[in-house]
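*Asks:* Take this structure, written in structure tokens, and hold onto it; I'll ask about it next.
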Amino acid sequence: MADVHSASGKQIHLTVITPARTVFNEDAAGLVVPAFDGELGVLPGHAALMALLGAGELRITRADGSKKRLAVRGGFLQVSANVVTVLTPESVAAEDIDAAKLDKELEALRADQSTDLKARDLRDEKLKWAVTRRHILEAGKGAGRN
């Protein structure tokens with residue numbers, strides 16, 4: 001994505017917002033978001049759109065070409081005039097994840113044998129979010145990779 005940025009001379013401004021705080025607020029060369037039904041890439045000059053997000057990895061290529069990965073737990077994406085806004089109930093970067101605490105959480109969720117349908121659905125949602133964070137944590141260990 002950095003090559004497209006340098007060729008066009010444009011950037012997008014990305015803001016990732018949760019109810020608790022602004023997680024990311026910088027210019028970027030591009031990004032890939034986990035849309036509800038697959039991944040969606042956004043580069044400078046992208047048409048205006050709104051999209052429903054699923055839980056997954058938000059991959060950002062910063063204006064300087066460096067990479068940043070965030071876990072997002074669903075939400076919405078808005079693109080308008082090279083301004084991208086992600087509203088999500090929860091987002092975390094790899095460096096903010098406590099691996100030991102996450103492992104305990106995963107262990108407890110995997111051990112949960114709830115038979116009630118609502119309890120299982122809630123457990124499955126929590127498990128998907130925990131697995132997403134584990135993926136971000138592992139991807140962060142190979143931060144030099146693309």
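The values are calculated or read from the model by the stated rules, or taken from the named source; none is laboratory data. Worth saying up front: this structure is predicted, and the values here are computed from it rather than measured. So basically every Cβ, Gly included, is an ideal-geometry build from the backbone, and we count neighbours across all protein chains shown. Accessible surface is based on the protein model in full, side chains and every heavy atom, while ligands, DNA and RNA are left aside. Shrake-Rupley method; radii C 1.70, N 1.55, O 1.52, S 1.80 Å.
*Asks:* Can you find a residue that is assigned to a helix (DSSP H, G or I) and open to solvent by less than 90 Å² (accessible area, probe 1.4 Å) anywhere in region 89-98? Write out each step before concluding.
*Replies:* Looking only at region 89-98, we keep the residues that are assigned to a helix (DSSP H, G or I), and these are 94-96.
Those still in the list that are open to solvent by less than 90 Å² (accessible area, probe 1.4 Å) too: 94.
So far as region 89-98 goes, yes, one or more of its residues are assigned to a helix (DSSP H, G or I) and open to solvent by less than 90 Å² (accessible area, probe 1.4 Å).
*Asks:* Under 7 Å between Cβ atoms, which residue pairs at least 6 apart in sequence (or on different chains) link something in region 115-141 that is closer than 30 Å to LYS67 by Cβ and without any contact (Cβ under 8 Å) to a residue 60 or more places away in the chain with a partner that is of a type in the set (Asp, Glu) and assigned to a helix (DSSP H, G or I)?
*Replies:* Short answer, once both residue conditions are applied: ALA130/GLU105.
*Asks:* When you check ASP27 against the structure, is it part of a loop (DSSP other than H, G, I, E, B) and under 22 Å from GLU95 (Cβ atoms), yes or no? Outline the logic, then answer.
*Replies:* On the way: part of a loop (DSSP other than H, G, I, E, B): no; under 22 Å from GLU95 (Cβ atoms): yes.
So ASP27 does not fit the description; no.
*Asks:* When residues of region 99-121 are filtered for being of a type in the set (Asp, Glu) and not in a loop (DSSP other than H, G, I, E, B), how many remain?
*Replies:* Residues of region 99-121 that are of a type in the set (Asp, Glu), as a first pass: 103, 105, 107, 112, 116, 121.
Next, only the ones that are not in a loop (DSSP other than H, G, I, E, B) stay: 103, 105, 107, 121.
The total comes to 4.
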